[in-house]
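The values are calculated or read from the model by the stated rules, or taken from the named source; none is laboratory data. Quick caveat, the model's predicted, so the values are computed rather than measured. Glycine also receives a Cβ, built like all others from the backbone with ideal geometry; neighbour counts cover every protein chain displayed. Accessible surface areas use protein heavy atoms only, side chains included; no ligands, DNA or RNA. Shrake-Rupley method; radii C 1.70, N 1.55, O 1.52, S 1.80 Å.
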Amino acid sequence: MNQNLFKAIIACGIVCFIACTTTKKAETEKWSERMARSEMKRFPEPWMIEKAKKPRWGYTHGLVVKSMLEEWKHTGDSTYYEYAKIYADSLIDTDGRIKTMKYLSFNIDNVNGGKILFDLYAKTGDERYKTAMDTLRKQMAEQPRTSEGGFWHKLKYTHQMWLDGIFMASPYLAQYGATFQEPALFDEAVKQILLIARKTYDPVTGLYYHGWDESREQKWANPETGCSPNFWSRSIGWYGAAIVDVLDYLPQETAGRDSVIQILQGLAEAIVKYQDPQSGTWYQVTDQGARKGNYLESSATALFVYTLAKAINKGYIGNEYIEPVRKAFNGMTGNFTRLEEDGSYTITNCCAVAGLGGDSKRYRDGSFEYYISEPIIENDPKSVGAFILAAIEFEKMIEK
(Lines give C-alpha, C1' and ligand atoms only; values in the text may rest on other atoms or scores of the structure.)
Protein backbone atom coordinates (compact mmCIF):
# COMPACT_ATOMS: atom_id res chain seq x y z
CA MET A 1 0.00 0.00 0.00
CA ASN A 2 1.22 3.51 -0.78
CA GLN A 3 2.78 4.91 2.41
CA ASN A 4 1.02 8.28 2.11
CA LEU A 5 -2.33 6.53 1.64
CA PHE A 6 -1.63 4.35 4.67
CA LYS A 7 -0.80 7.42 6.77
CA ALA A 8 -4.01 9.10 5.61
CA ILE A 9 -6.06 6.07 6.65
CA ILE A 10 -4.40 5.99 10.07
CA ALA A 11 -4.91 9.74 10.54
CA CYS A 12 -8.57 9.33 9.60
CA GLY A 13 -8.88 6.58 12.20
CA ILE A 14 -7.34 8.82 14.82
CA VAL A 15 -9.82 11.58 14.01
CA CYS A 16 -12.67 9.08 14.40
CA PHE A 17 -11.20 7.89 17.70
CA ILE A 18 -11.05 11.46 18.98
CA ALA A 19 -14.61 12.16 17.87
CA CYS A 20 -15.82 9.10 19.76
CA THR A 21 -13.87 9.76 22.92
CA THR A 22 -15.07 13.35 23.17
CA THR A 23 -18.49 11.92 23.94
CA LYS A 24 -17.13 10.27 27.09
CA LYS A 25 -17.91 11.88 30.37
CA ALA A 26 -14.76 13.68 31.42
CA GLU A 27 -14.87 12.28 34.92
CA THR A 28 -14.66 8.68 33.62
CA GLU A 29 -11.38 9.29 31.78
CA LYS A 30 -7.98 9.17 33.33
CA TRP A 31 -6.14 12.48 33.14
CA SER A 32 -3.44 10.93 30.96
CA GLU A 33 -6.13 10.01 28.42
CA ARG A 34 -7.79 13.40 28.59
CA MET A 35 -4.61 15.24 27.70
CA ALA A 36 -3.43 12.71 25.12
CA ARG A 37 -6.80 12.80 23.38
CA SER A 38 -6.80 16.60 23.49
CA GLU A 39 -3.37 16.83 21.88
CA MET A 40 -4.39 14.47 19.09
CA LYS A 41 -7.46 16.59 18.48
CA ARG A 42 -5.34 19.76 18.29
CA PHE A 43 -2.84 18.10 15.97
CA PRO A 44 -4.28 15.16 13.97
CA GLU A 45 -0.77 14.42 12.73
CA PRO A 46 1.99 14.73 15.35
CA TRP A 47 4.42 16.62 13.14
CA MET A 48 1.92 19.51 13.34
CA ILE A 49 2.79 20.03 17.02
CA GLU A 50 3.89 23.62 17.71
CA LYS A 51 1.77 24.56 14.68
CA ALA A 52 4.51 23.38 12.35
CA LYS A 53 3.85 23.90 8.65
CA LYS A 54 5.82 20.82 7.62
CA PRO A 55 7.45 17.86 9.38
CA ARG A 56 10.58 18.56 11.40
CA TRP A 57 12.68 16.52 13.78
CA GLY A 58 12.56 18.13 17.21
CA TYR A 59 12.91 17.33 20.88
CA THR A 60 9.48 18.77 21.70
CA HIS A 61 7.79 16.55 19.12
CA GLY A 62 9.80 13.65 20.50
CA LEU A 63 8.60 14.34 24.03
CA VAL A 64 4.92 14.36 23.09
CA VAL A 65 5.23 11.31 20.84
CA LYS A 66 7.10 9.40 23.56
CA SER A 67 4.29 10.23 25.96
CA MET A 68 1.82 8.78 23.45
CA LEU A 69 3.80 5.54 23.30
CA GLU A 70 3.76 5.37 27.08
CA GLU A 71 0.00 5.98 26.97
CA TRP A 72 -0.34 3.08 24.53
CA LYS A 73 1.47 0.80 26.97
CA HIS A 74 -0.50 2.24 29.90
CA THR A 75 -3.96 1.77 28.33
CA GLY A 76 -3.43 -0.89 25.70
CA ASP A 77 -5.08 1.36 23.11
CA SER A 78 -3.16 1.04 19.83
CA THR A 79 -4.46 4.40 18.57
CA TYR A 80 -1.68 6.09 20.55
CA TYR A 81 0.91 3.80 18.95
CA GLU A 82 -0.37 4.56 15.46
CA TYR A 83 -0.23 8.27 16.20
CA ALA A 84 3.40 7.95 17.26
CA LYS A 85 4.26 5.93 14.16
CA ILE A 86 2.94 8.70 11.91
CA TYR A 87 5.58 11.02 13.32
CA ALA A 88 8.44 8.61 12.77
CA ASP A 89 7.34 7.79 9.25
CA SER A 90 6.99 11.48 8.40
CA LEU A 91 10.62 12.14 9.37
CA ILE A 92 12.55 8.96 8.53
CA ASP A 93 13.02 8.22 4.84
CA THR A 94 13.32 4.86 3.09
CA ASP A 95 17.06 4.74 3.80
CA GLY A 96 16.69 5.54 7.49
CA ARG A 97 17.87 9.13 7.21
CA ILE A 98 16.31 11.61 9.63
CA LYS A 99 14.85 14.46 7.62
CA THR A 100 15.60 18.04 8.74
CA MET A 101 18.13 16.95 11.38
CA LYS A 102 21.36 18.95 11.14
CA TYR A 103 23.92 16.38 12.21
CA LEU A 104 26.93 18.68 12.23
CA SER A 105 25.30 21.11 14.65
CA PHE A 106 25.95 18.45 17.32
CA ASN A 107 22.80 19.60 19.06
CA ILE A 108 22.11 17.25 21.96
CA ASP A 109 18.39 18.01 21.61
CA ASN A 110 18.45 15.94 18.39
CA VAL A 111 18.70 12.75 20.41
CA ASN A 112 15.48 13.07 22.37
CA GLY A 113 13.30 12.19 19.39
CA GLY A 114 15.19 8.94 19.04
CA LYS A 115 13.60 7.58 22.21
CA ILE A 116 10.41 6.84 20.25
CA LEU A 117 12.23 4.50 17.87
CA PHE A 118 12.92 1.67 20.32
CA ASP A 119 9.25 0.72 20.63
CA LEU A 120 8.63 1.12 16.91
CA TYR A 121 11.63 -1.03 16.01
CA ALA A 122 10.71 -3.69 18.56
CA LYS A 123 7.17 -3.93 17.18
CA THR A 124 7.90 -3.72 13.45
CA GLY A 125 11.51 -4.81 12.94
CA ASP A 126 11.77 -2.02 10.36
CA GLU A 127 15.49 -1.46 9.77
CA ARG A 128 14.89 2.22 8.93
CA TYR A 129 14.35 2.82 12.63
CA LYS A 130 17.56 1.00 13.53
CA THR A 131 19.52 3.07 11.00
CA ALA A 132 18.13 6.28 12.49
CA MET A 133 18.96 5.09 16.02
CA ASP A 134 22.51 4.30 14.91
CA THR A 135 22.84 7.82 13.49
CA LEU A 136 21.95 9.34 16.86
CA ARG A 137 24.31 6.94 18.61
CA LYS A 138 27.05 8.05 16.20
CA GLN A 139 26.34 11.71 16.94
CA MET A 140 26.87 11.13 20.64
CA ALA A 141 30.08 9.20 19.98
CA GLU A 142 31.37 12.30 18.18
CA GLN A 143 29.73 14.94 20.41
CA PRO A 144 32.19 17.60 21.65
CA ARG A 145 33.04 17.22 25.32
CA THR A 146 34.47 19.10 28.27
CA SER A 147 37.91 18.14 29.52
CA GLU A 148 36.28 15.64 31.91
CA GLY A 149 34.08 14.09 29.25
CA GLY A 150 30.81 15.97 29.70
CA PHE A 151 28.78 16.46 26.53
CA TRP A 152 28.54 20.02 25.24
CA HIS A 153 24.95 21.09 24.79
CA LYS A 154 25.59 22.11 21.18
CA LEU A 155 28.65 22.68 19.05
CA LYS A 156 28.01 26.42 19.17
CA TYR A 157 27.61 26.34 22.97
CA THR A 158 31.25 25.62 23.55
CA HIS A 159 32.37 24.07 26.86
CA GLN A 160 28.80 24.15 28.26
CA MET A 161 26.73 21.47 29.96
CA TRP A 162 23.06 22.12 30.70
CA LEU A 163 20.74 20.07 32.89
CA ASP A 164 18.39 19.86 29.90
CA GLY A 165 21.01 17.91 27.96
CA ILE A 166 21.10 15.08 30.48
CA PHE A 167 17.43 14.38 29.71
CA MET A 168 17.93 14.67 25.96
CA ALA A 169 20.69 12.08 25.60
CA SER A 170 21.44 10.00 28.71
CA PRO A 171 18.22 7.91 28.79
CA TYR A 172 18.63 7.29 25.06
CA LEU A 173 22.17 6.06 25.50
CA ALA A 174 21.23 3.83 28.42
CA GLN A 175 18.36 2.27 26.48
CA TYR A 176 20.53 1.86 23.39
CA GLY A 177 23.09 0.08 25.53
CA ALA A 178 20.46 -2.26 26.95
CA THR A 179 18.82 -2.94 23.57
CA PHE A 180 21.92 -3.46 21.47
CA GLN A 181 24.29 -4.93 24.06
CA GLU A 182 26.63 -1.97 24.45
CA PRO A 183 27.20 -1.94 28.23
CA ALA A 184 29.77 0.86 28.04
CA LEU A 185 26.83 3.18 27.50
CA PHE A 186 25.56 2.46 31.02
CA ASP A 187 28.81 3.92 32.34
CA GLU A 188 28.48 6.87 29.96
CA ALA A 189 24.98 7.72 31.16
CA VAL A 190 26.05 7.51 34.79
CA LYS A 191 29.11 9.63 34.08
CA GLN A 192 27.03 12.47 32.62
CA ILE A 193 24.59 12.47 35.57
CA LEU A 194 27.35 12.48 38.18
CA LEU A 195 29.53 15.01 36.39
CA ILE A 196 26.87 17.68 36.02
CA ALA A 197 25.82 17.06 39.63
CA ARG A 198 29.34 17.86 40.81
CA LYS A 199 29.46 21.00 38.70
CA THR A 200 26.01 22.49 39.34
CA TYR A 201 24.90 21.33 42.80
CA ASP A 202 24.21 23.99 45.40
CA PRO A 203 24.55 22.60 48.95
CA VAL A 204 22.57 25.47 50.50
CA THR A 205 19.33 24.77 48.62
CA GLY A 206 19.90 21.20 47.46
CA LEU A 207 19.06 22.38 43.93
CA TYR A 208 21.04 22.41 40.69
CA TYR A 209 21.95 25.44 38.57
CA HIS A 210 20.68 25.41 34.99
CA GLY A 211 24.06 25.37 33.27
CA TRP A 212 27.82 25.19 33.70
CA ASP A 213 30.54 26.72 31.52
CA GLU A 214 33.91 25.05 31.94
CA SER A 215 35.68 27.92 30.19
CA ARG A 216 34.00 30.66 32.29
CA GLU A 217 33.76 32.65 29.05
CA GLN A 218 30.00 33.18 29.14
CA LYS A 219 28.73 36.38 30.72
CA TRP A 220 26.33 34.28 32.79
CA ALA A 221 29.06 32.05 34.21
CA ASN A 222 30.14 32.52 37.81
CA PRO A 223 33.89 33.25 37.58
CA GLU A 224 34.66 30.79 40.36
CA THR A 225 32.23 27.93 39.74
CA GLY A 226 31.25 28.41 36.08
CA CYS A 227 27.57 28.02 37.01
CA SER A 228 24.67 30.06 35.74
CA PRO A 229 23.14 32.29 38.42
CA ASN A 230 19.67 30.83 39.03
CA PHE A 231 17.58 27.70 39.49
CA TRP A 232 15.21 27.23 36.57
CA SER A 233 12.57 24.72 37.56
CA ARG A 234 12.08 23.08 34.16
CA SER A 235 15.79 22.38 33.82
CA ILE A 236 15.79 20.72 37.24
CA GLY A 237 12.71 18.79 36.13
CA TRP A 238 14.55 17.59 33.03
CA TYR A 239 17.37 16.38 35.24
CA GLY A 240 15.09 14.50 37.61
CA ALA A 241 13.20 12.89 34.73
CA ALA A 242 16.50 11.88 33.14
CA ILE A 243 17.59 10.11 36.29
CA VAL A 244 14.44 8.01 36.73
CA ASP A 245 14.49 7.14 33.03
CA VAL A 246 18.17 6.15 32.98
CA LEU A 247 17.62 3.91 36.00
CA ASP A 248 15.14 1.87 33.95
CA TYR A 249 18.08 0.43 32.02
CA LEU A 250 21.01 0.29 34.44
CA PRO A 251 21.90 -3.20 35.67
CA GLN A 252 22.19 -3.46 39.45
CA GLU A 253 25.94 -3.97 39.20
CA THR A 254 26.60 -0.76 37.23
CA ALA A 255 29.29 1.30 38.94
CA GLY A 256 27.83 4.56 40.21
CA ARG A 257 24.21 3.38 40.16
CA ASP A 258 23.92 3.83 43.93
CA SER A 259 25.30 7.36 43.62
CA VAL A 260 22.68 8.18 40.98
CA ILE A 261 19.93 6.98 43.32
CA GLN A 262 21.39 9.09 46.14
CA ILE A 263 21.26 12.16 43.88
CA LEU A 264 17.63 11.36 43.10
CA GLN A 265 16.79 11.02 46.78
CA GLY A 266 18.42 14.34 47.61
CA LEU A 267 16.71 16.02 44.69
CA ALA A 268 13.31 14.69 45.81
CA GLU A 269 13.86 16.21 49.26
CA ALA A 270 14.81 19.57 47.75
CA ILE A 271 11.93 19.61 45.27
CA VAL A 272 9.34 19.10 47.98
CA LYS A 273 10.96 21.80 50.09
CA TYR A 274 10.21 24.37 47.39
CA GLN A 275 6.67 23.18 46.60
CA ASP A 276 4.16 26.03 46.85
CA PRO A 277 2.17 25.29 50.03
CA GLN A 278 -1.11 26.64 48.66
CA SER A 279 -1.29 25.18 45.15
CA GLY A 280 1.12 22.27 45.49
CA THR A 281 2.85 23.33 42.26
CA TRP A 282 6.21 24.98 41.56
CA TYR A 283 7.48 28.38 40.48
CA GLN A 284 9.37 29.22 37.30
CA VAL A 285 12.42 30.24 39.36
CA THR A 286 12.41 27.49 41.94
CA ASP A 287 13.59 29.14 45.12
CA GLN A 288 12.13 32.65 44.71
CA GLY A 289 8.40 32.06 44.94
CA ALA A 290 7.74 35.28 46.84
CA ARG A 291 9.57 37.50 44.38
CA LYS A 292 7.49 39.82 42.22
CA GLY A 293 7.02 38.54 38.69
CA ASN A 294 7.67 34.88 39.48
CA TYR A 295 4.83 32.56 38.54
CA LEU A 296 3.66 28.98 38.96
CA GLU A 297 4.67 27.03 35.86
CA SER A 298 3.12 23.89 34.37
CA SER A 299 5.95 22.07 32.58
CA ALA A 300 8.22 22.10 35.62
CA THR A 301 5.37 20.98 37.85
CA ALA A 302 4.60 18.11 35.49
CA LEU A 303 8.24 17.03 35.34
CA PHE A 304 8.51 17.12 39.13
CA VAL A 305 5.33 15.04 39.47
CA TYR A 306 6.72 12.58 36.92
CA THR A 307 10.07 12.32 38.69
CA LEU A 308 8.61 11.86 42.15
CA ALA A 309 5.78 9.52 41.19
CA LYS A 310 8.03 7.30 39.11
CA ALA A 311 10.64 7.27 41.88
CA ILE A 312 7.94 6.12 44.31
CA ASN A 313 6.69 3.48 41.88
CA LYS A 314 10.20 2.11 41.38
CA GLY A 315 11.05 2.16 45.08
CA TYR A 316 13.84 4.75 44.88
CA ILE A 317 12.11 7.04 47.41
CA GLY A 318 9.67 6.26 50.20
CA ASN A 319 5.92 6.52 50.54
CA GLU A 320 6.26 9.72 52.56
CA TYR A 321 6.35 11.45 49.17
CA ILE A 322 2.91 10.17 48.14
CA GLU A 323 0.98 13.05 49.69
CA PRO A 324 3.22 15.80 48.26
CA VAL A 325 2.83 14.15 44.84
CA ARG A 326 -0.93 13.88 45.26
CA LYS A 327 -1.11 17.55 46.22
CA ALA A 328 1.07 18.50 43.25
CA PHE A 329 -1.00 16.48 40.80
CA ASN A 330 -4.24 17.94 42.08
CA GLY A 331 -2.69 21.41 41.93
CA MET A 332 -1.53 20.80 38.37
CA THR A 333 -4.92 19.64 37.14
CA GLY A 334 -6.77 22.25 39.18
CA ASN A 335 -4.63 25.28 38.33
CA PHE A 336 -3.22 24.57 34.89
CA THR A 337 -6.03 22.90 32.92
CA ARG A 338 -9.14 24.23 31.24
CA LEU A 339 -11.97 22.22 29.67
CA GLU A 340 -12.91 23.61 26.27
CA GLU A 341 -16.33 23.54 24.61
CA ASP A 342 -15.21 20.80 22.21
CA GLY A 343 -14.34 18.49 25.11
CA SER A 344 -10.58 18.93 24.86
CA TYR A 345 -8.32 20.17 27.64
CA THR A 346 -5.95 23.11 27.44
CA ILE A 347 -2.88 23.29 29.64
CA THR A 348 -1.91 26.80 30.75
CA ASN A 349 1.04 28.60 32.38
CA CYS A 350 3.66 27.15 30.05
CA CYS A 351 7.06 28.80 29.76
CA ALA A 352 7.57 28.84 26.00
CA VAL A 353 11.36 28.53 26.07
CA ALA A 354 14.41 29.37 28.13
CA GLY A 355 18.11 28.89 27.56
CA LEU A 356 21.52 30.38 28.19
CA GLY A 357 23.73 32.53 26.01
CA GLY A 358 22.88 33.16 22.37
CA ASP A 359 23.73 35.97 20.00
CA SER A 360 24.29 39.61 20.87
CA LYS A 361 20.76 40.60 19.85
CA ARG A 362 19.18 38.26 22.38
CA TYR A 363 21.64 37.20 25.02
CA ARG A 364 20.04 34.97 27.65
CA ASP A 365 21.89 35.80 30.84
CA GLY A 366 20.25 33.38 33.28
CA SER A 367 19.02 36.19 35.51
CA PHE A 368 15.74 36.09 37.41
CA GLU A 369 14.49 38.86 35.13
CA TYR A 370 15.35 36.78 32.07
CA TYR A 371 13.49 33.65 33.20
CA ILE A 372 10.29 35.52 34.00
CA SER A 373 10.45 37.52 30.75
CA GLU A 374 10.06 34.60 28.36
CA PRO A 375 6.54 34.21 26.91
CA ILE A 376 3.93 32.32 28.93
CA ILE A 377 1.72 30.34 26.55
CA GLU A 378 -0.86 27.56 26.40
CA ASN A 379 -0.53 23.98 25.16
CA ASP A 380 3.23 24.11 24.80
CA PRO A 381 4.40 20.57 23.95
CA LYS A 382 6.86 20.56 26.83
CA SER A 383 3.97 20.96 29.22
CA VAL A 384 1.66 18.61 27.30
CA GLY A 385 4.17 15.77 26.98
CA ALA A 386 5.37 16.10 30.57
CA PHE A 387 1.74 16.24 31.78
CA ILE A 388 0.86 12.96 30.05
CA LEU A 389 3.95 11.23 31.46
CA ALA A 390 3.25 12.64 34.93
CA ALA A 391 -0.38 11.52 34.80
CA ILE A 392 0.62 7.99 33.77
CA GLU A 393 3.01 7.64 36.71
CA PHE A 394 0.50 9.20 39.11
CA GLU A 395 -2.20 6.80 37.92
CA LYS A 396 0.14 3.87 38.47
CA MET A 397 0.97 5.21 41.94
CA ILE A 398 -2.61 5.49 43.13
CA GLU A 399 -3.55 2.13 41.61
CA LYS A 400 -0.85 0.27 43.55
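Things worth noting here:
- For residue 141, neighbours were defined as the other residues whose beta-carbon sits under 12 Å from its Cβ, and their charges (Lys and Arg +1, Asp and Glu -1) total -1.
- Of the residues 280, 165, 293, the one that moves most in a GNM of the chain with alpha-carbon contacts below 10 Å is 293.
- Structure-based [θ]222 nm, the chain - -39500 (n - 2.57) summed over DSSP H runs of at least 4, per residue, nearest 500: -17000 deg cm²/dmol
- Solvent-accessible heavy-atom area per residue, rounded to whole Å², over the chain at 1.4 Å: 39
- Cross-link table 115/314; 138/361; 51/73; 53/156; 199/292; 85/382, entries beyond 23 Å C-alpha to C-alpha: 138/361; 51/73; 53/156; 199/292
- Per-residue extension of 0.36 nm, minus the Cα-Cα distance of residue 292 and residue 362, leaves a gain of 22.9 nm for this segment.
- Highest mean first, the peptides 388-396, 151-159 sorted by other C-beta atoms within 10 Å per residue fall in the order 388-396, 151-159.
- Residue-count net charge about residue 285 - beta-carbon cut-off 11 Å; Lys, Arg +1, Asp, Glu -1: -1
- Loop-resident GluC sites (Glu not before Pro) (DSSP state other than H, G, I, E or B) in region 206-246 with no more than 10 further Cβ atoms inside 10 Å of their Cβ: 224.
- Residues of region 160-191 with amide N under 13 Å of the 7 Å Cα→Cβ point at residue 259: 187-191
- For region 211-280, applying the loop criterion from DSSP together with a ceiling of 11 other beta carbons within 10 Å to the trypsin sites (Lys or Arg not before Pro) yields 219.
- Residue 75 paired with residue 50, simple spin-label distance in nm, labels 7 Å along Cα-to-beta-carbon: 2.5
- Local net charge near residue 96, Cβ-Cβ under 13 Å (Lys/Arg +1, Asp/Glu -1): 0
- With a simple spin-label model that places each label point 7 Å from the Cα along the Cα-to-Cβ direction, the separation between residue 276 and residue 28 comes to 3.4 nm.
- Taking a ≥ b ≥ c as the square roots of the Cα gyration tensor eigenvalues, region 283-340 comes out oblate, since a/c reaches at least 1.5 and a/b does not exceed b/c.
- Each of (i) 5, 24, 35, 27, 9, 1, 0; (ii) 5, 22, 31, 26, 13, 3, 1, 0; (iii) 4, 15, 19, 16, 14, 10, 6, 5, 5, 4, 1, 0 is a candidate for P(r) over Cα pairs in 10 Å bins from 0, in percent; the one calculated from this structure is (i).
- Surface share of carbon and sulfur [accessible, 1.4 angstrom probe, percent] for region 265-400: 48
- Based on C-alpha pairs under 8 angstrom that are at least 6 apart in sequence, the chain has a relative contact order of 16 percent.
- Loop chymotrypsin sites (Phe, Trp or Tyr not before Pro), region 80-136 (other Cβ atoms within 10 Å of the site Cβ: 11 or fewer; DSSP): none
- In range of the label at residue 215: residues from region 85-102 whose backbone nitrogen is under 19 Å from the point 7 Å along Cα→Cβ: none
- Cα→Cβ-extended label distance, 7 Å offset, between residue 225 and residue 156, nm: 2.8
- Efficiency of FRET between residue 369 and residue 142 - r from beta-carbon atoms, R0 51 angstrom, step 0.05: 0.85
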